Amino acid sequence: MGDRRRQATHLVPEADGALERLKYSVAQDLGLSEQADEDSYAEALDRWKYEVAEELGLDRKIQEKSWANMASRECGRIGGQMGGRIGGQMVRRMVKYAERNLK
């Protein structure tokens with residue numbers, strides 16, 4: 001089976017690098033990662049994923065079944081908690097930037 005990861009499509013493809021830098025910066029501000037690079041960000045997200053699972057009471061089930069055998073609904077609950085914080089902060093920053101620079 002081929003690679004199923006979705007490719008991000010943007011109206012302005014040149015914005016990819018800036019969006020990645022913004023994502024790493026938000027992760028740093030949220031205390032998820034001390035370094036603003038892809039590897040440390042991925043490690044921090046993995047740790048955070050387990051922390052959120054624990055908060056939701058799913059950590060024991062993950063240990064027993066493994067991630068691959070978790071229901072998509074349960075994984076979605078974890079992802080929703082994580083993505084909401086990072087995505088929300090990214091949007092807030094972009095709006096502030098626009099307000100400052102597009103007057």
Close pairs from segment 41-57: first assigned to a helix (DSSP H, G or I), partner surrounded by 11 or more Cβ atoms within 10 Å (Cβ to Cβ) and of a type in the set (Gly, Ala, Ser), Cβ under 7 Å, at least 6 apart: Tyr41/Ala27; Tyr41/Ser33; Ala44/Ala27; Ala44/Ser33
Count of segment 1-60 residues which are of a type in the set (Gly, Ala, Ser), open to solvent by 40 Å² or more (accessible area, probe 1.4 Å), modelled with pLDDT of 75 or more and touching a helix residue (DSSP H, G or I) at 6+ places or on another chain (Cβ under 6 Å): 0
Scope segment 61-94; condition touching a residue at least 60 places away in the same chain (Cβ under 8 Å) and exposed (fewer than 15 other Cβ atoms within 10 Å of the Cβ); matching residues: Arg93, Met94
Evaluation of Tyr97 against (1) open to solvent by 100 Å² or more (accessible area, probe 1.4 Å); (2) touching a helix residue (DSSP H, G or I) at 6+ places or on another chain (Cβ under 7 Å) (one fails), failing number: (2)
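The values are calculated or read from the model by the stated rules, or taken from the named source; none is laboratory data. All figures in this text were calculated on a predicted structure; none of them were measured in a lab. When we count neighbours, we look across all protein chains shown, and the Cβ atoms used for this are built from the backbone with ideal geometry, even at glycine. With ligands, DNA and RNA removed, areas are computed over all heavy atoms of the protein, side chains included. Shrake-Rupley method; radii C 1.70, N 1.55, O 1.52, S 1.80 Å.
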